[in-house]
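The values are calculated or read from the model by the stated rules, or taken from the named source; none is laboratory data. What you see is a predicted model; the values in this text were computed from it and never measured. All Cβ positions, glycine included, derive from the backbone under ideal geometry; neighbour counts span all protein chains shown.
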Amino acid sequence: MKIRHFIFLVILLLFPITAQAYVTTDELTSPEALINYNYSSVTADHVQQVKAENSNREYKSERSSRKPWWRKVWEYIDFSTDDGHLLQHDIHPGYTWKDW
């Protein structure tokens with residue numbers, strides 16, 4: 001009986017019990033975690049937007065919240081400027097009143 005206890009003890013020492021870490025999907029996909037994993041802030045914004053779309057919420061990034069009027073006019077004239085709505089709207093071939 002003593003040899004069984006010794007074998008059991010050796011097995012326990014050779015194969016330690018691993019620690020179980022509990023990490024949720026929300027924690028892994030938070031903007032801070034994504035930036036810490038060397039993703040860009042645009043990628044973090046896109047992940048937050050997809051999460052908001054899946055839960056039927058509206059998401060607006062901080063880049064698109066406040067702009068002067070002249071910046072909006074310039075973005076309307078020049079197609080190449082970054083308007084802060086990257087991946088946040090449907091692409092249409094022309095302008096509509098909803099673009100403002």
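For residues that are of a type in the set (D, E) and more than 30 Å from A52 (Cβ to Cβ), tally how many sit in the range 1-40.
0
Here V50 meets each of (1) touching a residue at least 12 places away in the same chain (Cβ under 8 Å); (2) within 9 Å of the chain's Cα centre (by Cα) with one exception, condition (1). Residues in the range 9-35 that are surrounded by fewer than 10 Cβ atoms within 10 Å (Cβ to Cβ) and modelled with pLDDT of 80 or more were compared, and the one that is farthest from T81 (Cα to Cα) is I11. Output the residue which, of all residues in the range 58-75 that are at pLDDT 80 or above and of a type in the set (F, W, Y), is nearest to Y95 (Cα to Cα). It comes out as W74.
When S55 is tested against (1) surrounded by 13 or more Cβ atoms within 10 Å (Cβ to Cβ); (2) modelled with pLDDT of 80 or more; (3) hydroxyl-bearing (S, T, Y), only condition (1) is not met.
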